[in-house]
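Right, one structure below, let's go through it.
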Amino acid sequence: MKVKFVPVANSRAEWGNKSAILQRYEGLNIYTLNRWISEMRNNKKFKSGVINPTHKIVFISFEIFEEFLYWKQYGYSKVKVK
């Protein structure tokens with residue numbers, strides 16, 4: 001799978017829904033995103049990055065999602081590298 005990050009200029013948003021994540025990461029499909037969100041919910045380190053105010057609405061922290069992607073790739077959080 002080829003995923004391309006698309007930066008959002010002048011964005012102040014810290015949280016977004018699934019469509020916002022899919023727009024930022026071109027090439028990511030909804031099925032993979034749903035699996036990754038499930039993984040985030042099941043991991044203590046990334047659990048705080050997913051909020052479900054109702055059963056149909058989900059908000060994902062952009063910063064924690066990016067840390068999750070680094071963790072998926074390298075097995076550690078980007079925060080540890082600093």
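Residues R41, R12 ordered from highest to lowest accessible area at a 1.4 Å probe: R12, R41. Counting only heavy atoms of the protein chains and using a 1.4 Å probe, E39 has close to 70 Å² of accessible surface. S48 exposes around 80 Å² of accessible area when a 1.4 Å probe is run over every protein chain in place. For V58, nonlocal amide neighbours, meaning residues 5 or more places apart or on other chains whose placed amide H falls under 5 Å from its own, are K18. A probe of 1.4 angstrom, applied to the heavy atoms of all protein chains, finds W15 with accessible area near 90 square angstrom.
The values are calculated or read from the model by the stated rules, or taken from the named source; none is laboratory data. Just so it is clear, the structure is predicted and the values come from calculations on it, not from any experiment. Protein only, heavy atoms only, side chains kept; ligands, DNA and RNA dropped before computing areas. Shrake-Rupley method; radii C 1.70, N 1.55, O 1.52, S 1.80 Å.
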